[in-house]
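Nothing in this text is a laboratory measurement; each read-out follows from the coordinates by a stated rule. Please read all numbers here as calculations on a predicted model, not as lab measurements. Cβ atoms come from the backbone with ideal geometry, glycine included; neighbour counts cover every protein chain shown.
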Amino acid sequence: MKFNWVINGDTTPSIKKICIDLEYRLRPRITQFLLSRLDNELYGDFSAFHFDVDIKNQWVWISEKTPHNYIDRIRDDFDKEINGSALFSAV
């Protein structure tokens, strides 16, 4: 699983810290989400998944780098379960 951080402007030490903290909250949540939908196919290997994280707009989306067959299967519930949470409350 890879994260692409969408940051407007310079990356300051405080922005880097926010990204690290957010990744520690996102990674287990997204892993649980993927396990609940695709575990029988992937057996815990989520290396094909890429996510774009927009710090300013406080949104995570599935990157186009993720294979489309996976995007099609998780897209409908992803926003509700991942973006519908309080992950960005500390940002």
Worksheet entry | Three semi-axes of the equivalent ellipsoid, the range 2-83, Cα gyration tensor, whole Å, largest first | 24, 13, 11
Item to complete: Among DSSP beta bridges whose residues both lie in the chain, state the antiparallel percentage, nearest 5.
Response: 45
Worksheet item: Quick one: Karplus J couplings for the range 37-52, per residue in order, coefficients 6.51, -1.76, 1.60, θ = phi - 60°, nearest Hz, x for Gly and Pro?
Response: 10, 10, 4, 5, 8, 9, 6, x, 9, 10, 5, 7, 9, 10, 10, 9
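Which whole-number percent is the relative contact order of the chain (Cα, under 8 Å, 6+ apart)?
On the way: 79 pairs, mean separation 33.1, N = 91.
Relative CO of the chain lands at 36 percent.
Based solely on its DSSP helices, what 222 nm [θ] is calculated for the chain when runs of n ≥ 4 H residues each add -39,500 (n - 2.57) and the sum is averaged over all residues, nearest 500 deg cm²/dmol?
-15500 deg cm²/dmol
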Practice prompt. Please list, or write none, the lysines whose alpha carbon is within less than 23 Å of the alpha carbon of Lys17, excluding same-chain residues fewer than 8 places away.
Written response: Lys2, Lys56
Worksheet item: Could you put Thr66, Thr11, Thr31 in order, starting from the residue whose Cβ has the fewest other Cβ atoms within 10 Å?
Response: Thr11, Thr31, Thr66
Fill in: Charge dipole (debye, nearest 20) of the chain; +1 at Cβ of Lys and Arg, -1 at Cβ of Asp and Glu
260
